[in-house]
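Asks: Quick one: structure below, then a few questions.
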Amino acid sequence: MSKNGLILLTPTSIAYTGTSATISANGSVSFTACSVLSLNGVFSADYDNYMVLWAGANSTTDIPIYRLRASGTDATASNYVTQNLSATGTTVSGTRTAANGYGWYGYTSTSKFGNTSFFYGPFLSQPTAVRLLSVNSRDGAYLHDDASTHSLSSSYDGFTITAQNGSFTGRVAVYGMRK
Amino acid sequence: MTNGLVVMTPTTVDKTGGSSTATINADGSVTFGSCETLSLNGVFTSDYDNYMIVMRLTSSAAGDILFRLRASGTDDATSSSYVNQFLRVDGSSVSGFRFSTQAFYPGEDLVTQRTGRTIYVFGPYLAQPTALRSVTSLDRSSANIEDVAATHNQSTAYDGFTIDPASTTNTTGLLTVFGFNQ
């Protein structure tokens, strides 16, 4: 018997800083000119791993950040490390951040960006891994990938995306992968 | 419980190539053979913003494969409207390059073994610029990574796309288009 393998999840609530953010009837979240967007209650015991699609445009180019979140509170301690891989023209580079209070979460640009990410085990009381593939319009087209880890063995039910510069407009959707 | 990933069945397919074939399967996937071009119409709609295309293919000769967005049966080949940023990993060689042209280049295809490719398409049916991201495994030097981030700068709504092996090459394989429910 076939089953749906990828389930669109609805946040129990959202919080934001900006003009607006709305949960659609099916569960995705549309937002306008937000610098901070938090999704609560999207990770649960029903699924181990998740896919998040986040696309839109920012008011400027930016490396946004994410934080895992439990019961409405972001995890801000220095437990995140990000390994980045970027390609722009003939320059291919990698950089790893020192442990700090957030992970890098792709790249946003003024024309169009599309970020596909995977959260591995955020609701499990184990360390979490996040992998992200990004396309954005910096320099015409810019490839920016992140692999990040969060070392705490805590259970998280959501996450926050924060712009370090500007504010973003678009849509984010969280999908649970049936296990 | 809302299904997150929906198979998009083309309304029609078009193809070129003397002995080419293309069939829309009952599950919505498209099986194709010896196509010099293959076009899927009516796979992008206002129901979904973002899409995933999964394909396996082999080609009659090694070379680039082109991808053009398409509206009402006509490809958009506007000069320099697609910007392609490549990332190629071949053994210990890691390289990048960028070019602007009249098509998205999601990566090369080779002859001897299968190419596997996933393409994420962000907002093709929205009257906004479109972003595309491809992830490819191919058999150059037996195994290669070839990833591409691309943008298309036209604020037009597209309902389909064409894949076009460059020159006289033809391609054979299977692809499926999925819409991300939202």
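Readers should treat all values here as calculations from the given coordinates under stated rules, not as data from a laboratory. Keep in mind the model is a prediction, meaning the values are calculated, not measured. Because the Cβ atoms are built from the backbone with ideal geometry, glycine has one as well, and the counts that use them run over all protein chains shown.
Asks: Convert 37 °C to kelvin, take the viscosity as 0.692 mPa s, use the Kirkwood radius over C-alpha pairs of the protein assembly as shown as Rh, and evaluate the Stokes-Einstein diffusion coefficient in µm²/s, rounded to a whole number.
Replies: Details: Rh = 20.7 Å.
My calculation gives 159 µm²/s for D.
Asks: Taking amide H atoms as placed 1.01 Å from N in the peptide plane, list the residues 5 or more away in sequence, or in a different chain, whose amide H sits under 5 Å from that of residue B:50.
Replies: Under 5 Å from the amide H of residue B:50: B:123, B:180.
Asks: While we're here: Between the alpha-carbon centers of region B:69-115 and region A:32-49, tell me the distance in whole angstrom.
Replies: 33 Å
Asks: Here's another thing I want to ask about it. Any idea what the relative contact order of region A:6-177 is, in percent, if you count C-alpha pairs under 8 Å spaced at least 6 apart?
Replies: It comes to 34 percent, rounded to a whole number.
Asks: Just want to confirm a number: the relative contact order over region B:5-180, from Cα pairs under 8 angstrom separated by 6+ residues, in percent.
Replies: Result for region B:5-180 is 34 percent.
Asks: Taking the Cα centre of the protein assembly as shown as origin, sum charge times position over the Cβ atoms of Lys and Arg (+1) and Asp and Glu (-1), and report the length of that vector in debye to the nearest 20. The partial results should precede the final answer.
Replies: Details: 20 positive and 24 negative charges, 94 e Å.
Dipole of the protein assembly as shown, to the nearest 20 debye: 460 debye.
Asks: For region B:43-58, just list the computed ³J(HN,Hα) in residue order, Karplus coefficients 6.51, -1.76 and 1.60, θ = phi - 60°, integers in Hz, with x standing in for Gly and Pro.
Replies: The phi angles translate into 9, 9, 9, 6, 5, 9, 7, 10, 9, 10, 10, 10, 9, 10, 7, 10 Hz.
Asks: Under 10 Å, Cα contacts only: if you run a Gaussian network model on chain A, which one of A:139, A:62, A:48 comes out with the highest mean-square fluctuation?
Replies: Comparing A:139, A:62, A:48 in a Gaussian network model of chain A, the most mobile one is A:139.
Asks: Taking the Cα centre of region B:20-126 as origin, work out the dipole magnitude from +1 charges on Lys and Arg Cβ and -1 charges on Asp and Glu Cβ, in debye rounded to 20.
Replies: 180 debye
Asks: Let me ask you something else. Check each of the chymotrypsin sites (Phe, Trp or Tyr not before Pro) in region A:6-93 and keep only those in coil by DSSP with at most 10 other C-beta atoms within 10 angstrom; list them in order.
Replies: Listed in order of number, the matching sites amount to none.
Asks: Note down the nm distance, to one decimal, between modelled labels 7 Å out along Cα→Cβ at residue A:15 and at residue A:46.
Replies: So the label points at residue A:15 and residue A:46 sit 2.4 nm apart.
Asks: Looking at chain B as a GNM with Cα springs under 10 Å, which of B:32, B:97, B:67 has the largest mean-square fluctuation?
Replies: Result for chain B, Cα springs under 10 Å: B:97 fluctuates most.
Asks: Here is a follow-up. What are the radius of gyration and Dmax of region B:5-180, computed over its Cα atoms and given in Å?
Replies: According to the Cα coordinates of region B:5-180, Rg and Dmax are 15.1, 44 Å.
Asks: As a test of the definition: which semi-axes, in Å, follow for chain A when you take the square root of five times each eigenvalue of its alpha carbon gyration tensor? Largest first, please.
Replies: Equivalent-ellipsoid dimensions as semi-axes: 24, 19, 16 Å.
Asks: While we're looking at this one, here's another question. Using θ = phi - 60° and the Karplus curve 6.51 cos²θ - 1.76 cosθ + 1.60, what whole-Hz ³J(HN,Hα) does each residue of region A:77-90 get, with Gly and Pro shown as x?
Replies: 6, 7, 10, 9, 10, 10, 9, 10, 10, 10, 9, 9, x, 8
Asks: Hey, fewest Cβ within 10 Å first, where do A:152, A:132 land in order?
Replies: Starting with the residue having the fewest Cβ neighbours, the order is A:152, A:132.
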